[in-house]
Structure formats: structure tokens, C-alpha cells
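Student: Below is a structure I'd like to ask you about.
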There are 2 protein chains.
Amino acid sequence: MPTSRSYGDACPIARALDAIGERWALLVVRELLLGPQRFSDLRRALPGASSNMLTDRLRELEGRGLVRRRRLPPPAASSVYELTERGRELEPILDSLGAWGGAEPRPANGSLTATSVLLFLRGSARAHPDPPTDTYRVQLDDRVWTVSNPRGQLEIEPHDTAAPEASIRTDPGTLNALLLDPAGLDGAIAAGSVQAEGNLAALRRLVEVAA
Amino acid sequence: MPTSRSYGDACPIARALDAIGERWALLVVRELLLGPQRFSDLRRALPGASSNMLTDRLRELEGRGLVRRRRLPPPAASSVYELTERGRELEPILDSLGAWGGAEPRPANGSLTATSVLLFLRGSARAHPDPPTDTYRVQLDDRVWTVSNPRGQLEIEPHDTAAPEASIRTDPGTLNALLLDPAGLDGAIAAGSVQAEGNLAALRRLVEVAA
DNA sequence: CCGCATCCGTTTCGATACTG
DNA sequence: CAGTATCGAAACGGATGCGG
């Protein structure tokens, strides 16, 4: 049974670390921030985590009420993991970690993960005075997200969409570079590192939100 | 050699966790937030951490530039550990962890640590429109701090002080209870769980900052 | 293929003992 | 006081297997 060690300290910081301080726990939460994911989605998103590690973390997060496992309706014989309301409250912790960690050195051979870049995109759009309102299909490597703006605030969800205003297909590193330098979009398309379809003007507005 | 495992992920969240995600690392940082501490101070503050664990963490935090080891001038043959500027930037992370962790269940047999209560006191005072301006001597169990207000902002430092306006001696749990219920001060003094000296009106202002 | 469970080598942790 | 040395226990990481 994956009972985690406790610091035995009633300090709220130590209590938080008791709950989410183990290896991989917060990265699992990071992945779930953009919406429910199946076990195999999480495995692809966190290739460094072994399957039993993922099982242990999900069980423990579930036991602590931060993650909920939901069986999908009959057609799909699968289930998804999603954050509970309490789990979503971890977002400020991830925000502060991300703000601090950006100044730490990048690990050797470390590539950006899709979720990380999308969280950056979402955060930038939410800080933008005039965020994009169109619906986009974003494919990074072999995973697909829908970027939309249903309530005046950018949402990114882990599923495909029909009839987006524009679509983009690339890899996380290239998208991250584009967000930092939106002027590179045409060049990246020409070079083939980005495939774009649909309304390119709308797509341009999307990749400019962080600038 | 305590080379920590890396997530191999260039995401800023993962990079932060590479640096301060191991067991005990953030609790060491928490202890140093109130000022430089000697090895033995840290051992007393973190009784659950073994000595070699503490050594490993301090070495690693030092190697990452978050903690600095400083030899004390000749009279004392000792040295202290203190946060670097970069290490102090971890404070928002600890704040968000503390804010979230307060709603987590307290571990069985877990008592509050002195630093945790003092951080709560300091945070409350800094959010207070009219914080105390006197200098206090606060003793919790066998450690002593100076609470002062040199620049319009409450400071808590891990050393003794001469001629404080008021002094209080108790344990972390009792002080925490007092901060949540300042009206209990007189009763606690009468019951002997708190020893107070000096200007009691000033002391009352101090324990009322969180109310 | 999905969602694990089991096995096993390696790393890290934790407790105690010991040294300059 | 400020750490090292040692050693068993626990956690991690990778591989494989197995029932849907």
C-alpha cells in the first residue's frame, strides 16, 4: 500500500508537502489541470514515470480527495482521472513553482512538455486584455487539444474539436518558441516545422498572446 | 554524493521540483526564512530529519545557490547557513503551500513547529494595516527570537535581544492558539502556560495581529 | 491496447553510532 | 558542536505479465 511518509508536523507547509510532496505528484496534477486524462494519456505525458509509479500516485491523490476517477459511459470501456475541486486549488502552488523554476537551469536533454507550453499559453491569454475568442485545434506531437473561449476566458481542453477556426500542428518546443517570438510563425510554416490550416489571421492572434 | 534525480523536463514547474522537490528541502528553506541558522539549530527545528539528511540537503541547496554557508568570525568557531537572494525568492512557493495546506488534515501526533507559528505571526502582521512597532523577545520551548519593526514591517530574527518592550515564553502550540484567540492571553498567563514580562499592553497588540 | 499487478535492481531515506 | 559512517527499510524505476 502506498502510504506516504508524513513529516509529522502540523505546520500547514508540511501538511501540504505530506499530501503532494512526493515525487511525480505535482506533475500529475499539472497534467490534469487542463482536464480529465486517461491513464495512458498520463503515461505519454510523463514518459519518465513508470506505470506503477503513476498508479501509486493516482491512488494516493484519489485517497486524499485531490483526484477523482470517473468511469466513462458504456461505449468507452475506459475511465479518466480528473482533479476534484480541492485538487484544482493546487493551481497557485504550481503557478508559484513555475514562476520560480523558470530561472533555474534547464536539465540536459530536457524537452518541454506539451502541458507546460499550453499552461503558459493559457496563463498568458488570461493576463491579456483582449484574448482570442476563436476556437482552435492544437496538435502537439500526437496529442490534440481544443483551445476556445466560452466565457471570456481562454480554456484549453484535452480533446479534439470539429470545425475549428484554425488548426496548428507542431511540437511543444516549436510552439513555445513561437509564443516567445510570434513573428516567426510564417517562417516556421515555410520551414515545415509548423503545419497550419484555416484562418491564419486568427492563428496569428493566438500565438501573439504572450508577446 | 547527493546528486538528485532530475525529471528531465524543461517545464519550469519540473525545473523547480528538480531543485527543491526532494524530501525535507522546502522545510529546510522554511527554517532559514527567518534568518541564518546553525546546523544544530536546524536539527532541533526539524527533529524528524536525520543528520546526514540535513547534511545532504544543505550541500545540495548550497550547490544550487539557494543556501550559503558562512563561517562566523573568530570568537565563534562555528558557521551558519542562510538563504541566498535566490533562495529567498522561494517564499511565494512556501506561502502558496501554506495557504493550501492549512485545509489538509493534521497528522496524528503532529505538533506545530516554532517557525511555522512565527511565519504565521509575521504574515499576519504584514497584512495588518497597523502592525506593532515595539521590539519583543519571544521564546518558544528552548529557542529565542527577536520580533521588531525596523522599517514599518515586522521582522522576526533568530537571536536574543536586550531590553525588549515585552517578552513572552511559551510553546508553539500555545502561541498559535493565542494568535487565533487573543482574548485567551490573560487566562494562559494565569494558567502558567504562558510567561509574560514587560509591557503587557504591547504584548496584547502583538498577539492580536492575526485576529 | 488499457489499467494495472508483480518482480527486482538501484537509489534514497532514516536511525543509530561514531569521530574531529 | 558539526558533521561522517554504517546499515536496514522504504521508495523509486524498469521490465514483464495478465485479465479485460
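Each row is one residue, and each column tells you yes or no for (1) crowded, with 16+ Cβ neighbours inside 10 Å; (2) over 23 Å from A:Ala19 (Cβ atoms); (3) basic (Lys, Arg); (4) facing chain A (nearest Cβ under 7 Å).
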{"site": "B:Tyr7", "(1), (2), (3), (4)": "yes, no, no, yes"}
{"site": "B:Ala19", "(1), (2), (3), (4)": "yes, no, no, yes"}
{"site": "B:Leu27", "(1), (2), (3), (4)": "yes, no, no, yes"}
{"site": "B:Arg38", "(1), (2), (3), (4)": "no, yes, yes, no"}
{"site": "B:Asp41", "(1), (2), (3), (4)": "yes, yes, no, no"}
{"site": "B:Ala45", "(1), (2), (3), (4)": "yes, no, no, no"}
{"site": "B:Gly48", "(1), (2), (3), (4)": "no, no, no, yes"}
{"site": "B:Thr55", "(1), (2), (3), (4)": "no, yes, no, no"}
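Student: Out of all the residues in the stretch B:86-99, is one or more of a type in the set (Lys, Arg) and either in contact (Cβ under 8 Å) with a residue 12 or more places away in the chain or within 13 Å of chain A (Cβ to nearest Cβ) (or both)?
Tutor: Start the filter on the stretch B:86-99 by keeping residues that are of a type in the set (Lys, Arg), which leaves B:86, B:88.
If we keep only those that are either in contact (Cβ under 8 Å) with a residue 12 or more places away in the chain or within 13 Å of chain A (Cβ to nearest Cβ) (or both) as well, we get B:86, B:88.
The answer is yes, given that some residue of the stretch B:86-99 is of a type in the set (Lys, Arg) and either in contact (Cβ under 8 Å) with a residue 12 or more places away in the chain or within 13 Å of chain A (Cβ to nearest Cβ) (or both).
Student: Would you please name the residue that is farthest from B:Leu26 (Cα to Cα), looking only at residues in the stretch A:15-44 that are among the hydrophobic types (A, V, I, L, M, F, W, C) and within 12 Å of DNA strand C (Cβ to nearest atom)?
Tutor: A:Phe39
Student: B:Arg71 passes all but one of (1) in contact (Cβ under 8 Å) with a residue 60 or more places away in the chain; (2) within 11 Å of DNA strand D (Cβ to nearest atom); which number fails?
Tutor: Answer for B:Arg71: the failing condition is (1).
Student: Are there any pairs with C-beta distances below 8 angstrom linking a residue in the stretch B:100-129 that is more than 7 Å from chain A (Cβ to nearest Cβ) to a residue that is among the charged types (D, E, K, R) and buried (at least 20 other Cβ atoms within 10 Å of the Cβ), with the two at least 6 apart or on different chains, and if so which?
Tutor: Once the first residue is more than 7 Å from chain A (Cβ to nearest Cβ) and sits in the stretch B:100-129, its partners that are among the charged types (D, E, K, R) and buried (at least 20 other Cβ atoms within 10 Å of the Cβ) give B:Pro105/A:Arg15; B:Thr115/B:Arg30; B:Thr115/B:Glu31; B:Leu119/B:Arg30.
Student: How many residues does the stretch A:20-50 hold that are without any contact (Cβ under 8 Å) to a residue 40 or more places away in the chain, assigned to a loop (DSSP other than H, G, I, E, B) and of a type in the set (Gly, Ala, Ser)?
Tutor: 4
Student: Same structure, new question: Of (1) at negative phi; (2) under 14 Å from the mean Cα position of the chain (by Cα), B:Ala19 satisfies all except one. Which?
Tutor: Unmet for B:Ala19, out of (1) at negative phi; (2) under 14 Å from the mean Cα position of the chain (by Cα): (2).
Student: Restricting to the stretch B:15-36, count the residues that are within 15 Å of DNA strand D (Cβ to nearest atom) and either in contact with a Pro (Cβ under 6 Å, 6 or more places away or on another chain) or in the same structural domain as B:Gln153 (by TED's automatic domain parsing) (or both).
Tutor: So the answer is 1.
Student: When the residues of the stretch B:102-119 are narrowed to those that are polar (S, T, N, Q) and more than 16 Å from DNA strand C (Cβ to nearest atom), which ends up nearest to the chain's Cα centre (by Cα)?
Tutor: Initially, the stretch B:102-119 is screened for residues polar (S, T, N, Q), giving B:109, B:111, B:113, B:115-116.
In the following step, the residues that additionally are more than 16 Å from DNA strand C (Cβ to nearest atom) were identified as B:115-116.
Numbers: B:Thr115: 3, B:Ser116: 5 Å.
Restricting to residues being polar (S, T, N, Q) and more than 16 Å from DNA strand C (Cβ to nearest atom), the top hit is B:Thr115.
Student: If you go through the stretch B:130-158, how many residues are without any contact (Cβ under 8 Å) to a residue 60 or more places away in the chain and farther than 17 Å from B:Thr174 by Cβ?
Tutor: 12
Student: Determine whether A:Ser79 is within 10 Å of DNA strand C (Cβ to nearest atom), hydroxyl-bearing (Ser, Thr, Tyr) and more than 24 Å from A:Val147 (Cα to Cα). Show your work before the answer.
Tutor: Numbers: within 10 Å of DNA strand C (Cβ to nearest atom): yes; hydroxyl-bearing (Ser, Thr, Tyr): yes; more than 24 Å from A:Val147 (Cα to Cα): no.
Criteria not met by A:Ser79.
Student: Further, regarding this structure: Taking only the stretch A:42-65 into account, find how many residues are more than 11 Å from DNA strand D (Cβ to nearest atom), in contact with a helix residue (DSSP H, G or I) (Cβ under 8 Å, 6 or more places away or on another chain) and farther than 13 Å from A:Thr113 by Cα.
Tutor: 4
Student: Which number in (1) under 15 Å from the mean Cα position of the chain (by Cα); (2) under 18 Å from B:Ile93 (Cα atoms); (3) not acidic (Asp, Glu); (4) not assigned by TED's automatic domain parsing to the domain that holds A:Ile20 marks the one condition that A:Val144 misses?
Tutor: A:Val144 satisfies all of (1) under 15 Å from the mean Cα position of the chain (by Cα); (2) under 18 Å from B:Ile93 (Cα atoms); (3) not acidic (Asp, Glu); (4) not assigned by TED's automatic domain parsing to the domain that holds A:Ile20 except (2).
To keep it simple, each residue is scored yes or no on (1) crowded, with 16+ Cβ neighbours inside 10 Å; (2) under 20 Å from the mean Cα position of the chain (by Cα); (3) in the same structural domain as A:Ala45 (by TED's automatic domain parsing).
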position: A:Trp100; (1), (2), (3): yes, yes, no
position: A:Leu121; (1), (2), (3): yes, yes, no
position: A:Asp130; (1), (2), (3): no, no, no
position: A:Asn149; (1), (2), (3): no, yes, no
position: A:Thr170; (1), (2), (3): yes, yes, no
position: A:Leu185; (1), (2), (3): yes, no, no
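The values are calculated or read from the model by the stated rules, or taken from the named source; none is laboratory data. Keep in mind the model is a prediction, meaning the values are calculated, not measured. Heads up, the Cβs are rebuilt from the backbone with ideal geometry, glycines too, and the neighbour counts pull from every protein chain shown.
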